[in-house]
Structure formats: C-alpha cells, structure tokens
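Below is one structure, written out as structure tokens; the observations come after it.
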C-alpha cells in the first residue's frame with residue numbers, strides 16, 4: 001500500500017512541476033510581448049519578480065531596459081549588475097551583452113580582457129548547447145565575429161589575461177569571474 005502512495009505522490013509532484021514551468025513560460029511570453037509592444041510598465045511588473053527569483057532571462061531583459069532607458073531611467077551600473085548576475089548563471093545572451101559593456105566602459109570599467117573573457121565563455125557554452133541540441137551556428141556567428149574583432153585589436157597581455165580569467169571562471173563554476 002505504501003509504494004502506491006509514493007508513486008501517486010511522485011506523479012502529483014511531477015504534475016505540479018510541469019504546471020509551474022508552463023506558468024513561468026506563459027509569464028515570460030506575456031512579459032516579452034509587453035516589452036516588444038512598448039508596455040514597459042507591464043514588462044517590469046512581470047520580469048522584476050522573475051529576476052528576483054533567479055531567472056537569468058528576466059534579468060537580461062531588465063538589464064536591456066536599464067541599458068537603453070526603456071520605460072525606466074537609464075542606469076548603466078544597474079544594467080551591468082543585472083547582466084553580470086545572469087552571466088554568472090550561464091546565460092549566453094547576458095554574457096554577450098556584458099562583453100559589449102566592458103568594451104566601451106558603459107556601467108563598468110572599460111576592459112578588453114573582461115570583454116574577451118565573457119565572449120570566450122559564451123562561445124564555450126554555445127558550443128556545448130550545439131553539441132547537446134544541435135542548434136546550429138546562428139547564435140555562434142555574431143559572438144565569434146565580435147570576439148575576432150576584439151582579438152585583432154588586443155595586445156598579447158590582454159589576450160593572455162582574458163584566457164586565464166575565462167579558465168578561472170569556468171573552473172570555479174562561475175564563482176571566480178574577475
């Protein structure tokens with residue numbers, strides 16, 4: 001009798017997880033539609049709690065809003081913090097965007113080494129995603145081109161530092177990324 005209750009409890013727990021994931025996906029879609037439609041107040045209302053709960057995608061969208069002043073006051077430092085939080089959770093788009101901020105010194109101290117570090121990590125993660133999901137090169141190409149452009153302008157010490165920082169970041173599982 002007890003094993004049957006365990007199976008029922010596991011089945012119920014699985015259904016709850018699937019329902020919660022579906023609700024999060026629905027909220028994400030609703031927030032994205034609001035953002036694209038220019039309803040920034042609604043987008044913030046949806047994405048802010050999701051970001052606080054640890055959603056790297058929501059963090060990245062909020063970072064974009066603070067980066068461009070979409071419905072909020074332009075705040076480069078807050079944008080950089082949100083991109084960094086999402087980057088530390090392995091979000092490739094946030095890593096790409098954070099690299100852009102480091103290149104120009106927007107909300108962070110300008111650093112070619114940090115630019116290259118985040119681009120290197122993003123390319124490594126995309127490589128893994130492509131291996132697992134066979135997602136193709138569409139996500140990889142802009143990051144590769146951006147990295148090649150920065151590499152062509154960097155000096156040897158910046159390149160060496162960036163590779164060392166990327167290795168430390170990856171090896172620490174994103175706990176030592178500076």
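The values are calculated or read from the model by the stated rules, or taken from the named source; none is laboratory data. Here the structure is a predicted model, which is why all the values come from computation and not from measurement. Methodologically, a virtual Cβ is constructed for each residue, glycine included, from the backbone with ideal geometry; neighbour enumeration extends over all protein chains shown.
Each row is one residue, and each column tells you yes or no for (1) buried (at least 22 other Cβ atoms within 10 Å of the Cβ); (2) at pLDDT below 95.
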site: 75; (1), (2): no, no
site: 81; (1), (2): no, no
site: 88; (1), (2): no, no
site: 111; (1), (2): no, no
site: 117; (1), (2): yes, no
site: 122; (1), (2): yes, yes
site: 125; (1), (2): no, yes
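Counting just the residues of segment 145-163 that are closer than 19 Å to residue 93 by Cα and either loosely packed, with under 15 Cβ neighbours inside 10 Å or touching a strand residue (DSSP E or B) at 6+ places or on another chain (Cβ under 6 Å) (or both), which one comes out modelled with the lowest pLDDT?
Per the stated criteria, the residue is 145.
Report whether or not residue 166 is part of a helix (DSSP H, G or I), outside the structural domain of residue 65 (by TED's automatic domain parsing) and either touching a helix residue (DSSP H, G or I) at 6+ places or on another chain (Cβ under 6 Å) or modelled with pLDDT under 95 (or both).
Working: part of a helix (DSSP H, G or I): yes; outside the structural domain of residue 65 (by TED's automatic domain parsing): yes; either touching a helix residue (DSSP H, G or I) at 6+ places or on another chain (Cβ under 6 Å) or modelled with pLDDT under 95 (or both): yes.
Yes, satisfied.
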